[in-house]
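Every number in this text was worked out from the coordinates using simple rules, so none of it is lab data. Just so you know, these numbers come straight off a predicted model, no measurement behind them. Cβ coordinates were reconstructed from backbone atoms using ideal geometry, including for glycine residues, and neighbour counts include every protein chain displayed.
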């Protein structure tokens with residue numbers, strides 16, 4: 001299905017938000033997800049199934065002042 | 001003598017706040033924190049870079065150090081509010097440094113948008129530290145909005161130019177009941193000491209520490225300078241600054257003097 005991750009359209013076969021994050025980043029800790037415009041709590045990642053045209057922002061903390 | 005100060009619901013004894021930006025290696029961060037004793041450190045939020053082997057910066061910050069996520073990248077209040085909410089959801093606590101910038105050359109903050117974001121985020125339960133252009137007319141506005149402190153810039157971010165806004169920052173310190181934390185532009189420990197001598201509650205130093213060849217020793221140097229400046233402020237030094245000399249030894253009774 002077609003989804004958008006960090007502003008880039010892509011095809012994915014992943015079923016859940018959790019599996020997509022793991023495939024894309026290799027980790028689950030230290031990641032924050034905005035799912036279709038609102039923050040998706042980590043406890044919901046496993047039970048949130050991806051669907052056509054979903055928009056995800058995968059964010060993490062980096063060095064900054 | 002216990003010299004503590006409070007921001008939100010946290011008490012601090014160390015008045016040097018630090019940042020995580022621009023370290024050659026993240027491994028320096030915990031060492032710098034230990035050497036300086038800094039109790040609060042800033043982080044930024046960005047899209048995950050899938051091409052880089054990126055790692056969780058939070059794993060380099062000891063749990064007893066307060067995290068101060070910033071809203072860098074925000075160009076207006078709505079973006080700052082969005083970033084703040086994401087940061088809090090990430091489990092970093094309620095502290096947020098609001099940084100709203102729409103000037104790409106000098107990176108000067110937009111006080112109006114920063115104030116709007118402060119009003120919204122205080123209502124949402126955040127402990128808000130706005131990064132601002134020093135401006136006396138904004139003191140009461142930020143106080144009324146419920147800001148936990150005011151963070152005026154000393155000079156442009158990363159410029160190492162020191163406290164170029166000295167006159168106005170002195171006015172903020174005198175007139176505001178909020179802690180004044182000088183942020184941005186402090187490039188040398190002597191400049192940090194200067195801010196503390198003026199009566200600033202704390203200073204925030206990032207670039208000058210992280211870009212030093214030895215950031216661990218630099219962190220310690222800044223911490224000592226902040227302590228020295230704070231002690232000088234508390235000592236209430238009254239010596240007038242004069243243009244001529246005022247002898248400190250007696251001007252009479254010189255050896256070989258003839259009447």
Cβ density ranking, 10 Å radius, fewest first, applied to B:226, B:4, B:205 yields B:4, B:226, B:205
Kirkwood Rh for the stretch B:121-259 from C-alpha pairs, in Å, is 17.0 Å
Of the stretch A:15-30, those with amide N under 17 Å from the point 7 Å along the Cα→Cβ vector of residue A:49 are A:15-20
Summing -39500 (n - 2.57) over every DSSP H run of at least 4 residues in chain B and dividing by its residue count gives a helix-only mean residue ellipticity at 222 nm, to the nearest 500 deg cm²/dmol, of -10000 deg cm²/dmol
If the chain between residue B:55 and residue B:6 were fully extended at 0.36 nm per residue, the gain over the current Cα-Cα distance would be 14.4 nm
Counted neighbours (other Cβ, 10 Å), sorted fewest up, put B:210, A:4, B:243 in the order B:243, A:4, B:210
Taking a crude spin-label model, label points 7 Å out from Cα along the C-beta direction, the residue B:177 to residue A:16 distance in nm is 5.1 nm
Proxy exposure order for A:17, B:66, B:136 (fewest C-beta within 10 Å first) is B:136, B:66, A:17
Site residue B:213, offset 7 angstrom along Cα→Cβ, radius 16 Å on amide nitrogen, limited to the stretch B:1-34, gives B:24
Per residue of B:43-52, other chain Cβ atoms within 10 Å number on average 6
Taking every alpha carbon pair in chain B and sorting the distances into 5 angstrom bins from 0 up to the bin holding the longest one, the percent per bin comes out as 1, 6, 13, 17, 19, 16, 11, 6, 3, 2, 2, 2, 1, 1, 1, 0, 0, 0
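Using only helices, what value at 222 nm comes out for chain A when you add -39,500 (n - 2.57) per DSSP H run of length 4 or more and divide by the total residues, to the nearest 500 deg cm²/dmol?
-4000 deg cm²/dmol
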Computed from the beta carbon distance with a Förster radius of 51 Å, FRET efficiency for residue B:140 and residue B:257 to the nearest 0.05 stands at 0.25
Extension length gain for residue B:103 and residue B:26 (0.36 nm per residue less Cα distance), in nm, is 24.9 nm
